Amino acid sequence: MARLQILELPEGAGDDRPPFVLVVDECIPQRIALGADSSYGDYWQELADKIGARGVIVTPETVDIPANDTTAYNGIPGGDYTTFAATVGRALGIDTSTAVPDVASWLLTACRELEKSETAREQLRRERDAQGEALERVRQESARIRTTTRTWEPVADLIDAALNGK
């Protein structure tokens, strides 16, 4: 079965994004006839053009690009998906010990946990914004106190020092 890979090229001075070549290996190169008075077309080249590749390499051979080798790293600490899945399941409250897996229930539980997480993040954002507004009001009050009378300047100094963490 054909594999699609990316071969990154060195960046040039005028490149706004990293240049690359599309590599299609384990596939026989094919061309399609465009018409009686036209030349042949290559749908792999058309795809490469659409995605912004500098070119395309199509070969029936297997091409291993070292930068695309992910066998040594799967993104999971220690490389153990079973342990990772069990940890995630416990965190989400998913019971995988049942004889017949209830995947729909597992997905629903995961969605509910995600929803709770998003709600908690939104609450934290609101609290952060409220604290920022409160700090700004204290800063404005300190500035007002400083301009009211010179006898209140030490109080304003204490407020400013507390606001600046000193």
>> Of all residues being part of a helix (DSSP H, G or I) and over 26 Å from the mean Cα position of the chain (by Cα) in the stretch 18-55, which is modelled with the lowest pLDDT? Just the residue, please.
In response: TYR43
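Give me a count of the residues in the stretch 1-17 that are farther than 18 Å from PRO60 by Cβ and at pLDDT below 85.
Adding up the residues that qualify gives 7.
Could you identify the single residue in VAL58, VAL155, VAL138, VAL63 that is of a type outside the set (Asp, Glu), over 33 Å from the mean Cα position of the chain (by Cα), at pLDDT 85 or above and surrounded by 12 or more Cβ atoms within 10 Å (Cβ to Cβ)? It would help to see each step written out before you state the result.
Numbers: VAL58 fails: over 33 Å from the mean Cα position of the chain (by Cα); VAL155 fails: at pLDDT 85 or above; VAL63 fails: over 33 Å from the mean Cα position of the chain (by Cα).
Unique residue meeting the criteria: VAL138.
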> Taking the stretch 141-152 as the search range and keeping residues that are charged (D, E, K, R) and surrounded by fewer than 12 Cβ atoms within 10 Å (Cβ to Cβ), which one is modelled with the highest pLDDT?
Replying inline: ARG144
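The values are calculated or read from the model by the stated rules, or taken from the named source; none is laboratory data. None of the values given here were measured: they were computed from a predicted structure. Cβ: placed from backbone, ideal geometry, glycine included. Neighbour counts: every protein chain shown.
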